[in-house]
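As structure tokens, the structure follows; a few thoughts come after it.
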Amino acid sequence: MGKKIIVAGAGHGGIAVAALLAKNGFDVTVYEKGEKDTLGYDWTDIFAPGALEKAGIPMPDKDKFTYKDDMTFYSPNESLGLRQHVPENELEIKMERRDIYAHLISHAESCGVKFVYGCKINSPLLYGNRVCGISTDKGDFYADLVIDAAGMDSPVRKGLPDSLHIEKEEGAFSRFNVYRAFYNRASDEPAKDVYKVYMLPQGKIGVNWVASEEEFTDVLIGRFGVLTDEDKEESLVYLKNGNARLGDTVVRGGQTVNIPVRQPLSIMVADGYAAIGDSAFMTVPIIGSGIANSLKAARMLADTVIADRDGAFSAETLWAYQVRYYKELGAGLSVLACVKLLLSQLEGKEVDYMFATGILNADDLTMGADSTSISSIMGGITPAQLVEKAKGVCGDGALMKKILSTGVRMGKVIASTTALPRVYNRKLVTSWAKKYESCFKI
């Protein structure tokens with residue numbers, strides 16, 4: 001075929017689609033600002049193993065992964081814990097983030113993908129409204145198609161012309177600030193719950209978790225908005241009081257990073273351009289995991305590019321990728337973004353009440369990193385069922401109003417994603433995008 005493709009950034013989805021395209025005869029190069037052996041944070045991550053198969057990637061060696069334990073969610077006052085019950089055949093695997101990268105890169109290289117490391121991407125190169133390459137600190141590079149896998153702050157996406165109506169900013173409650181570290185094990189005392197998640201801890205809008213592993217204790221402190229050093233220290237002191245195994249010494253990790261937790265990008269393609277992974281906001285909005293979705297999207301994008309026999313790689317020909325993504329994943333993720341907005345507005349006493357009365361139960365919290373729909377994350381809740389739950393809180397007017405409002409928002413989102421144009425027309429697509437984006441304004 002001979003067509004040249006640039007993947008901007010070594011995101012998981014970007015590496016996976018690069019491998020699929022190189023295997024099908026395309027000239028593919030990945031440009032990444034980091035160095036090969038330093039990609040990925042110094043911690044573990046979880047994802048559904050079936051996503052690897054869909055992306056044409058073999059399973060890693062068995063000594064490289066384990067299966068994730070079910071989480072136990074605690075109410076803000078910690079009076080009640082609800083334990084997930086993920087079926088055994090749906091369990092996610094847990095791998096070191098750097099091992100995941102090594103596995104993906106090794107596979108991509110075997111397919112013929114070229115990698116350029118230590119290359120900072122500054123902006124897209126444009127010919128009118130068409131993306132024709134990338135500008136970097138190592139020079140300008142041109143291609144027939146640029147696949148944007150440079151993350152939620154991608155300089156490629158943010159450098160696109162406003163006329164393309166591709167969102168550059170993420171919006172309110174769309175960025176989760178997370179501190180994560182592995183601490184030494186301070187005690188051999190058995191942990192009642194291996195994986196504890198504290199909702200709205202100490203009145204903060206966010207979550208904490210403590211996972212008691214054999215050799216260390218995995219701690220996450222996550223907040224919407226600024227996560228200060230003082231907040232981290234207060235949270236660590238608080239967590240140590242209820243977790244005897246949590247020590248004082250950071251063994252690994254210790255970084256504070258941003259995770260996208262919002263609905264998928266309203267428009268993912270343009271002439272010569274397609275976004276994938278965090279660049280297109282493909283994470284599960286409630287838990288922030290996006291590896292599985294990105295790998296699945298890689299197959300969709302590769303199929304679309306391969307099907308474009310003339311190599312036009314225009315918005316019109318690439319639109320099939322977005323249509324398929326929304327049909328299989330994006331519509332469900334958009335609904336989950338509504339639930340995330342609800343959780344970001346609840347007060348601790350309201351969540352305590354929902355735990356105590358059974359309005360929020362273990363089925364509702366049985367979620368996984370491969371969850372892509374309202375049924376798979378929230379125990380089958382539909383907008384109508386959410387209204388029924390609201391009736392259960394009729395004694396709390398403020399809470400009932402929030403839940404009912406979320407039901408209305410979910411209904412609008414479902415109607416909007418159902419109305420996604422199946423054929424690309426810039427005027428129609430832009431009009432649809434504006435309506436879709438309006439569903440998430442608060």
field: Simple Cβ-charge dipole of the range 258-343, Lys/Arg +1 and Asp/Glu -1, about Cα centre, in debye nearest 20
entry: 360 debye
message: Just want the answer: with Cβ charges of +1 for Lys and Arg and -1 for Asp and Glu, which residue in GLY14, GLY242, ALA312 is farthest toward the dipole's positive end in the chain?
response: ALA312
- line: Here the percent of antiparallel bridges among DSSP beta bridges lying wholly in the chain, to the nearest 5, is 75 percent
task: State to the nearest 20 debye the size of the charge dipole of the range 84-227 about its Cα centre, where the only charges are +1 on K and R beta carbons and -1 on D and E beta carbons.
output: 560 debye
- prompt: Which shape class applies to the range 213-318: rounded if a/c is under 1.5, otherwise prolate when a/b exceeds b/c and oblate if not, where a ≥ b ≥ c are the square roots of the Cα gyration tensor eigenvalues?
  reply: prolate
ILE306/THR256 FRET efficiency (R0 35 Å; Cβ-Cβ; nearest 0.05): 0.30
message: Heavy atoms of the protein only, probe of 1.4 Å, neighbouring chains included. What is the accessible area of TRP209 in Å², nearest 10?
response: 40 Å²
- prompt: Per the 1.4 Å probe, what fraction of the accessible area of the range 30-138, in percent, lies on carbon and sulfur atoms?
  reply: 48 percent
field: In degrees, nearest ten, helix 315-325 long axis to first principal axis of the chain (Cα)
entry: 30 degrees
message: With n ≥ 4 as the cut-off for DSSP H runs, can you work out [θ] at 222 nm for the chain, using -39500 (n - 2.57) per run divided by the number of residues, rounded to the nearest 500?
response: -10500 deg cm²/dmol
field: Listed residue (LEU200, HIS165, THR228) projecting farthest to the positive dipole end of the range 137-254, Cβ model
entry: LEU200
- prompt: Based on the Cβ-Cβ distance of SER431 and GLU234, what FRET efficiency does E = 1/(1 + (r/R0)^6) give at R0 = 45 Å, to the nearest 0.05?
  reply: 0.45
query: Ignoring ligands, DNA and RNA, what percent of the 1.4 Å accessible area of the range 147-204 is carbon and sulfur?
result: 49 percent
- prompt: Say the dipole of the range 1-149 comes from +1 at the beta carbon of Lys and Arg and -1 at that of Asp and Glu; which of GLY2, PHE115, ILE100 then lies farthest toward its positive end?
  reply: GLY2
- prompt: Name the GluC sites (Glu not before Pro) in the range 213-243 that are in a loop by DSSP and that have at most 11 other C-beta atoms within 10 Å, would you?
  reply: GLU214, GLU215
field: Listed residues MET71, MET400 arranged by accessible area, highest first, probe 1.4 Å
entry: MET400, MET71
Accessible area of ARG97 in the full protein assembly, 1.4 Å probe (Å², nearest 10): 40 Å²
Solvent-accessible surface ranking, highest first, for PHE224, PHE26, PHE173 at 1.4 angstrom: PHE173, PHE224, PHE26
task: Please report, in debye to the nearest 20, how large the charge dipole of the chain is about its Cα centre when each Lys and Arg carries +1 at its beta carbon and each Asp and Glu carries -1 there.
output: 1540 debye
field: Tail weight of P(r) past 26 Å, computed on alpha-carbon pairs of the range 81-195, percent
entry: 50 percent
task: May I ask you to give the percent of accessible area on the range 311-359 that is carbon plus sulfur, with a probe radius of 1.4 Å?
output: 56 percent
query: Just in the range 20-82: which GluC sites (Glu not before Pro) are loop by DSSP and have at most 12 other Cβ atoms within 10 Å?
result: GLU35
query: For the range 284-297, what does the Karplus curve 6.51 cos²θ - 1.76 cosθ + 1.60, with θ = phi - 60°, yield as ³J(HN,Hα) per residue in whole Hz, taken in order and with x for Gly and Pro?
result: 6, x, 7, 10, x, 8, x, 4, 4, 4, 5, 5, 5, 5
- line: Mean separation of Cα contacts under 8 Å (at least 6 apart) over the residue count of the chain, i.e. the relative contact order in percent, is 18 percent
- request: Give the distance, in whole Å, between the Cα centre of the range 413-442 and the Cα centre of the range 126-162.
  value: 24 Å
- request: Provide the solvent-accessible area of SER405, counting protein heavy atoms only and rolling a 1.4 Å probe, rounded to the nearest 10 Å².
  value: 60 Å²
task: Determine, from the Cβ-Cβ distance of ARG83 and SER163 and an R0 of 60 Å, the FRET efficiency 1/(1 + (r/R0)^6), rounded to the nearest 0.05.
output: 0.75
field: Solvent-accessible area per residue for the chain (1.4 angstrom probe, square angstrom)
entry: 41 Å²
- line: Under the 7 Å Cα-to-Cβ spin-label approximation, ALA172 and LYS138 lie apart by a distance in nanometres of 4.3 nm
- prompt: Whose amide H sits under 5 Å from the amide H of PHE176, counting only residues 5 or more places off or on another chain, with H placed in the peptide plane?
  reply: ILE259, VAL261
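The values are calculated or read from the model by the stated rules, or taken from the named source; none is laboratory data. Note that this is a predicted model, so its numbers are computed, not measured. Please note: Cβ atoms are built from the backbone with ideal geometry, for glycine as well, and neighbour counts cover all protein chains shown. Areas reflect the complete protein model, heavy atoms only, side chains present, ligands, DNA and RNA absent. Shrake-Rupley method; radii C 1.70, N 1.55, O 1.52, S 1.80 Å.
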